[in-house]
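As structure tokens, the structure follows; a few thoughts come after it.
The values are calculated or read from the model by the stated rules, or taken from the named source; none is laboratory data. Here the structure is a predicted model, which is why all the values come from computation and not from measurement. Ideal geometry is used to build each Cβ from the backbone, glycine not excepted, and the neighbour counts take in all protein chains shown.
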Amino acid sequence: MEKILTEICEEINNYFWRTKRKVKLTISGGTFTADFLQEGQYFRIKNSIFNEGVHKYPATDLIDEKFEGEIWSMAVPQAVIDLASDIAAWQEKYGNVDSPAMSPYTSESYSNYSYAKNASSGSNGEADSNSWQGVFASRLNKWRRLPNL
């Protein structure tokens, strides 16, 4: 779940952060302690070499390292967690290279067989139906934030 949440947060430019703490952190045995995180709470590690991204506290599968960076405590809405589950299920079903949804072709035919699918994003500006970003765009847009310019 953490991997897809990292991708979602990057896509919508929203980490649902509550506090950001600059830290000198030592991760040992795959974990660390933080008195400002609650059990089950999602958090973001930033400026790490090995553990960049969203994790759930207490994380036990981190790669051991020492670094200076940031820990962002997050308050991810349940609706976003549910959306992440839906995206993960979609990815499982359609996200591999053998899936017809991933084909670069919009139609093909031979003999008595033919098929057509919606066109991908192009000059018309419609969402890319070949990616989870396009398929779930309308549900993601509610949470989308403008990037810091």
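Structure notes:
- Answer residue from the range 34-48, given it is polar (S, T, N, Q) and closer than 18 Å to E68 by Cβ and is surrounded by the most Cβ atoms within 10 Å (Cβ to Cβ) among those: S48
For every residue, the table says whether it meets (1) closer than 30 Å to R139 by Cα; (2) assigned to a helix (DSSP H, G or I); (3) within 14 Å of the chain's Cα centre (by Cα).
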{"residue": "E11", "(1), (2), (3)": "yes, yes, yes"}
{"residue": "N14", "(1), (2), (3)": "yes, no, yes"}
{"residue": "W72", "(1), (2), (3)": "yes, no, no"}
{"residue": "A84", "(1), (2), (3)": "yes, yes, yes"}
{"residue": "I87", "(1), (2), (3)": "yes, yes, yes"}
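- Residue satisfying all of: in the range 21-33; assigned to a loop (DSSP other than H, G, I, E, B) and surrounded by fewer than 17 Cβ atoms within 10 Å (Cβ to Cβ); nearest to the chain's Cα centre (by Cα) among these: G30
- Just so you know, in the range 93-149 the residues that are part of a loop (DSSP other than H, G, I, E, B) and of a type in the set (K, R) include one that is modelled with the lowest pLDDT, and it is K117.
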